[in-house]
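Shown next, in structure tokens, is the structure this report addresses.
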Amino acid sequence: MDFVNRNIEDLLSEIKALGQSVAKLKANQLGYQRSKEAWLKDDKWYKATSEKQPEQFCSFSSELIFTFVNEAYSGLFGKKPEELVGKSVLALVPEEYHNDVRNLVSSLTRESPVMNVEYPWISPDGTAHWQQWIAWVIFDGNGCLIEYQATGRDITERKEAEEQICYRLKLEEAAARASRILIDTGEANIVEILAILGEAVSVNRTYILWFREDGVTCDNTYEWCDPETEPQINNLQGLDGNSFPWSMDKLKKGENVIITDINTLPPEAVAEKEGFQAQGIYSLLMVPINITNWGIRGYMGFDDTKRCRQWRSEDVRCLSMVAEMLGAYWERKEAEKTLRESEAKFRTLTDTAPALIYIWSLSNAEGSLLYMNSAYQLMIGYSKERALEMSWHEFIHPDSLDLMKERSLTRLQGDIAPRRYAAKYLTANGEGRWGDFSANFIEWEGKPAVMGIIYDITERKQMEEELRQARDELEIRVKERTAELSIVNEKLQREIAAHKEAEQELILSEARYRAIIEDQTDMVVRALPDTTITYANEAYCRFYGKNHVNIIGTTAKQLIYEEDLKRFMEIVKSRSPEEPYAVITLRTIRADGNYCWQEWHGQAIYKNQSIVEYQAVGRDITERKKAEEALKQSEANFKTLADTSPALIFVFNEDRLLYMNSTAKIVTACSDEDMINMNPWDLVHPDFRDPLRQAGIARRKGEMVPPYEARLIGKNGSEIWGYLSADIIDYEGKEAILGVVIDISERKKMEEDLLQATKLESLGILAGGIAHDFNNILTVISGNISLAKMIMEAENDISELLSEVEKAAFQARDLTQQLLTFSKGGAPIKETASIQELLMDSASFVLRGSNVSCKFAISDDLWAVSIDKGQISQVVNNLIINADQAMPEGGSIELSAENIVAPTTHSLPVGNYIKISIKDQGIGILEKHLIKVFDPYFTTKQKGHGLGLATCYSIIKKHAGDIKISSEFGVGTTIIVYLPACPEEVVVKKAPSSRALLGQGKILIMDDEAIVRETLGRMLKHLGYNTVFASDGQEAIDLYIISQELGEPYDAVIMDLTIAGGMGGKEAVKRLLSIDSQAKVLVSSGYSNDPVMADFKKYGFCGSIPKPYEIAGVNQVLYEVVANDQRDVSLAL
């Protein structure tokens, strides 16, 4: 301000105004002070109220210094309110946002004192939140800024809800857009739909995989990808659905395939996992597309190639709905296509027919026309539009109208009326013409209607009338006996008229011919002998996209595909008067440069033995060719599948084999030449031919025939058990039966073995009990006899009688041994032995005194075997006896033994075996008996008991071996036995003791049979032992304890293994050893092959004495246990 150049008055005036301003300012300051004090009073109350509010609250000065914060606000930062008051607001804000905060605060004015801000925020614990803050500025009454205040709240849940609603609205809008595209007429843009859905659910790729006609192979038909995702459509063609069983199974069942993370797929989805990883997919959803008449035709896929994700149930439901709409769309398209094809065929047929064809409605009284063909329009003369406005009555001549109405009414009432009759109809110019009428009821566009066909017979009627008139005139002239000249003249006139009429008919016929040719959908062409085209109908021109001018005069050869031209010319040149016709299929070039397949029916026209013209009719058969190629490929796929199948596959009719796959040829030993001349029933076992025929009859009646078992016969005579399922198919255009047979021969063999084992087990339960009781009896007999023989003088006559009785008792013992072979749980008492001596001794013993000899072929280096010598000797005896009895007239038996190693193809486990073969020259065994020879009690001998081979079978199986039999009736039988070998074992022969053994000691005998106890007691007393008796295990234990307490312990204890109703030896020995671990306990039992007898040491016994026994054997065992302190002594039978 320029104070120098101003006058004093102005300065005084200025000073006065300034003084007034100062006074005013002081007054305002006083008012501000009072307002501030009032505000501070209210603010103190407000802040005290806000202190405990759940919402955040703070206030700060214009310098952005906190003046107040409540606990909710300070808690956001993990601090207390007093730690923030006095601190800068900007200390809690990242530096890059300081200017933003200052700008927001400065935007609060008296005109705009409040603002609302929402922003994302990361809490100190790293959690993302959304915050809403409402901030306002406080001014005093004079407009001076006091402070800023703000309140905030967490709106994360609201934001998430808003996002979900927006997402759902977006998805529903996408579904609605897709629906509108599908509902619109015309072809739907499927890729656009995929793009809409893909963007809506935020995936990287959407696509459709469509199944081919086989229902297994599928192709990627449509695809959308975001800009960052590589398309896969070219890599996903011809996919084999069988390669992805886990996902295909779900889709075929109509289930959605939802995969949040491909790494969590189950083990059975390994193929799917590899495929998804190759495409870079992390998560995906597949929704099946269903078409009513097809079932599942494809599926819609959604891939996320960026991350794993959870698929919302709303997403799945919405996308499934779109998939249903797609299925309905394609179903509608198929129906429209079928309808168009059907209508096209109908219209082509009717429009090319040389008759009037019409359809009129039964839904209204007027009977309005619904359809008429081209011939109808040409012959009646009305335009199509005009005709469809008229009633059918208006087309009928008045002379025939009543007849037509009467016939129509008769049919409507259900009565019989002639279907064909002659009547007159009217043309547009009012001309009445004769027609041959026929009509029938049909349904047209869902409503009842009548379809009629009219052949124009006016010319025929005219000729008939003229003929009648001519006949009448002739009769008149004959009657009037007119002059010959008049008759000749009249005749000439008639001939001239007839000639003219014939000319007219020829012209009309030519016109009709050309009309028919031009209206044909087939191509018609005429050409000179050098193939120059002289005529081509409209269909020909239309097919090649040319007009008549461009075609007439050209050669037909220029349109033929180069590779087919030579064959075409050969067929054309080979025509002759005797063979003028030819049919040729070839390829031609269309206007667009592509080739197509055509079939031509041609004829050479001859005059004076020379060709003057070729005429031909052709049609496009490209689609048929494609179908034929597809059929050939399908047949090739079927044969490939069939030839690689492990099942036997046959195709046959009633008396001829049509097809066999490779497996069937191998199993049945049939060649291709055999198959050509073979009746299929030759491969069926006679027992099953009738049931198979009955099943075929039932199948042709439409009945369900479940799979069943059947026996087949190979060309080499081998029998095959199969599990057969069959169905009627069309094979090369004829009905045939497709049979699929799964070879179950091995299973049937296992079932037979199991049945055999079951029979033996059942027998064993019975045999064990009988043998046990019988052995107890034999123990008393043989024991007393052996004792009596020791007491008596050796030369005594009674001693000889006792020896005979003892011999009989031992024979009875052998019989019980056979029964015990079948005893359930029985096991052989094995020892390492050489089988060479056993084989020779057993065979020689059996054949002593027989007229049958035995030839031995036994290897010198046979391995040792672990066997029960008594049982194996019994096997050899039984087999040699059978061979001997099979040759009553004498002969020779071949017995061989060798070392073998069973291969993996053998029925035995891989390992070392001794193979024993016994071959006779006897009468052999019938084939029907071979499967039963190992059954207990089965025999074909008059005196046989049926236990011989059953016993052999049981013994060999319990030795972990195998036995096989083969026989040819009238030639002989061969039996082969396999026994496990022990190549590493060495057989040590024990020399028998020749010393007399004297006993001494105290023996405790436990047996539930008193007579057995007494017999054994007498035997031991004679040998020098003292005996004490117990009837069961508990009594034996009590006696043993008493003897120990008295200081008179037992030197040995003999315990019966089985005690009826009491404690047996198996349990008693455990308790006895718990009392005295050094106790010497021997086990005795009538179950001589019980597992305890075979492995007595395992159960705590130190020796075994099988029943029945004689005194020498008992003496030997007791001496070894008591005198020599042996703890592994057994008495062999």
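Here the calculated FRET efficiency for Arg848 and Thr974, from their Cβ-Cβ distance with R0 = 25 Å, stands at 0.60, rounded to the nearest 0.05.
Straight Cα distances below 15 angstrom link Lys1107 to the aspartates and glutamates Asp773, Glu806, Asp814, Asp1007, Asp1008, Glu1009, Glu1014, Asp1056, Asp1090, with same-chain residues fewer than 8 positions distant left out.
Full extension of the chain between Val191 and Ser662 gives 164.9 nm of extra length, using 0.36 nm per residue less the Cα-Cα distance. Based on Cα contacts under 8 Å between residues 6+ apart, region 353-456 shows a relative contact order of 31 percent. Distance between the modelled labels on Arg471 and Thr217, one decimal in nanometres: 7.0 nm (7 Å Cα→Cβ projection).
Applying a DSSP loop filter and a limit of 11 other Cβ atoms within 10 Å to the GluC sites (Glu not before Pro) in region 96-192 leaves Glu111, Glu187. In terms of packing, defined here as the mean over residues of other Cβ atoms within 10 angstrom, the peptides 521-528, 620-627 line up highest first as 521-528, 620-627. Using a Cα-Cα cut-off of under 18 Å, which aspartates and glutamates could be cross-linked to Lys546, ignoring same-chain neighbours fewer than 8 residues away? The reachable aspartates and glutamates, counting only those whose Cα sits under 18 Å from Lys546, are Glu518, Asp519, Asp522, Glu538, Asp592, Asp620.
Placing unit charges on the Cβ atoms only, positive for Lys and Arg and negative for Asp and Glu, gives region 162-338 a dipole magnitude near 300 debye about its Cα centre.
Determine the shape class of region 646-743: with a ≥ b ≥ c the square roots of the Cα gyration tensor eigenvalues, call it rounded for a/c under 1.5, and otherwise prolate if a/b is greater than b/c, oblate otherwise. Write down the numbers at each step before the final one.
Details: a/c = 1.64, a/b = 1.23, b/c = 1.33.
Oblate, since a/c reaches 1.5 and b/c is not below a/b.
Between rounded, prolate and oblate, where does region 173-307 land on the alpha carbon gyration tensor, with a ≥ b ≥ c its root eigenvalues, rounded for a/c under 1.5, else prolate if a/b exceeds b/c?
Cα axes put region 173-307 in the oblate bin.
Could you give the length gained on full extension between Glu173 and Glu709, defined as 0.36 nm per residue of separation minus the Cα-Cα distance, in nm? Before the final figure, lay out each step's value.
Values: separation 536, 0.36 × 536 = 192.96 nm, distance 5.98 nm.
Gain on extension, Glu173 to Glu709, equals 187.0 nm.
Look at Leu169, Leu802, Leu778, Leu474 and count the other Cβ atoms within 10 Å of each Cβ; fewest to most, that gives Leu169, Leu474, Leu802, Leu778.
Step through the table entries Lys748/Lys919; Lys1002/Lys1070; Lys665/Lys915, compare each Cα-Cα distance with 29 Å, and write down the pairs that go over it. Each step should come with its number before you reach the end.
On the way: Lys748/Lys919 27 Å; Lys1002/Lys1070 21 Å; Lys665/Lys915 34 Å.
Going by Cα-Cα distance, Lys665/Lys915 fall outside the 29 Å limit.
Here the contact order of region 162-338, divided by its residue count and restricted to Cα pairs under 8 Å and six or more residues apart, works out to 22 percent.
Partner aspartates and glutamates whose Cα lies under 17 Å from the Cα of Lys491, excluding those fewer than 8 positions away in the same chain, are identified as Glu466, Asp472, Glu473, Glu475, Glu480, Glu501. Residues within the reach of a label modelled at Glu71 (point 7 angstrom out along Cα to beta-carbon, backbone nitrogen below 11 Å), restricted to region 142-156: there are none. Remark: the Cα gyration tensor places region 520-625 in the prolate category, a/c being 1.5 or greater and a/b exceeding b/c. Between Asp530 and Thr644, the distance separating the two model label sites (each 7 Å from Cα on the Cα→Cβ line) works out to 5.8 nm.
Highest mean packing comes first when the peptides 1009-1017, 249-257 are listed by Cβ atoms within 10 Å, giving 1009-1017, 249-257. The length gained by stretching the chain between Glu1045 and Ser745 to full extension, at 0.36 nm per residue less their Cα-Cα distance, is 101.2 nm.
Note on Asp674 and Glu985: their simple-model spin labels are 4.6 nm apart, each label 7 Å out from Cα toward Cβ.
Laboratory data are not the source of any read-out in this text; all were calculated from the coordinates shown. Since the structure is predicted, the reported quantities are computational estimates derived from the model, not experimental observations. For neighbour counting, all protein chains shown are included, and Cβ atoms are generated from backbone atoms with ideal geometry for every residue, glycine included.
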